[in-house]
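Before any comments, here is the structure.
The values are calculated or read from the model by the stated rules, or taken from the named source; none is laboratory data. Just so we're clear, the structure is a prediction, and the values are computed from it rather than from any experiment. Heavy atoms of the whole protein, side chains included, go into the accessibility calculation; ligands, DNA and RNA do not. Shrake-Rupley method; radii C 1.70, N 1.55, O 1.52, S 1.80 Å.
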Amino acid sequence: MAQSKSKFKVVLDAGHGGKDYGNVHHGYIEKKIALAVTLKVGEYLSKDSDFDFFYSRKTDVFVELKDRAIQANKQDANLFVSIHCNAAKNYSAFGTETFVMGLSRSSTNLEVAKNENSVILLEDDYKENYKGFDPNRPESLIGLKILQEEYLNQSIELAAFVEDNFKDNLGKKSRGVKQAPLWVLDASYMPGVLIEIGFLSNKVEGEYLNTEKGQNEVAKAIADAIFSYKKQYYKTSSGTKPVVTETGRVEETPAVVKEDPVQAIIENVKNGIQFKVQLSASSTKIATSPSNFKGLNGVHVEQSGKIYKYLFGSEDSYELAQNKLTEAKNKGFESAFIVAYKDGVKINLSDAIK
């Protein structure tokens, strides 16, 4: 598909492939189901002329984990969407869950991370490529950091769109939006999610995911989430956003055209921008008491959709905000970063201000 700088670029990553079968239960094979659903997501996205999308694999081939991230970064994509199937020792477990990059104290989330990162061990020269990272060692998992903090909020919001669609449109059990140390998300410099579309270890859910009907429904829910995300964050060249109906027919609805945030910062850096330090974001609300934020006073929470964001300080200049950032980092917040508000709208900073 021809690339266009004006188009919204998505990398669709079908988990596993080739010698890496992923989960296999009751005759259902993760690598096959993940590929089928991923290709169907692409079919839905192709109905919108404002999209460019790229597959990490389109056939049953083995793609190294590092190459999936490298491809996404080379494409300079707007989103990275990785599709997988879950499994559990308890065969009664079922439902969907969507992961974003992050550290988690949950042993269940760490088990998912170990399973999804374990493909590294199938690769040649993995010790050299991953600098000694061992997906089976907890200290390696905890050692992963969020290198692209400015993308975490968007990743969480995309994940929320996905899970809402699964729950509200398909009636599936949503196990929620979760954070886990996943190498492929950490190495992709863009908002990204890893979607576990269901448990193959659950015979009923596995059977559903192995059908054409199930794969079409799941793919549509994911594509609609990407459409919703794009509408929220990006303007289109045509001014319209397609809505894919159950029959596959496309209906056009007016799109929301938003001001380009980076350009707004460049043009208005000294005019009407309020700078704050964001300490974290979560899908569950955390009390803003100093005990929860390493002794920092004046932390307040703001809700954006279903995401809670924790902000420290409010300054009229970037220099003063840097002082707040230093204070936060001295308290141990390695992931703290500066964000800006213009006319009441939050704008994430990347390279616009140095």
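Observations on the structure shown:
- Flag for Lys346 being at pLDDT 75 or above and of a type in the set (Lys, Arg): no
- Any hit, region 147-159, residues being over 28 Å from Gln75 (Cα atoms) and at pLDDT 85 or above: no
- Residue within region 101-117 that is open to solvent by 30 Å² or more (accessible area, probe 1.4 Å), modelled with pLDDT of 90 or more and not hydrophobic (A, V, I, L, M, F, W, C) present: no
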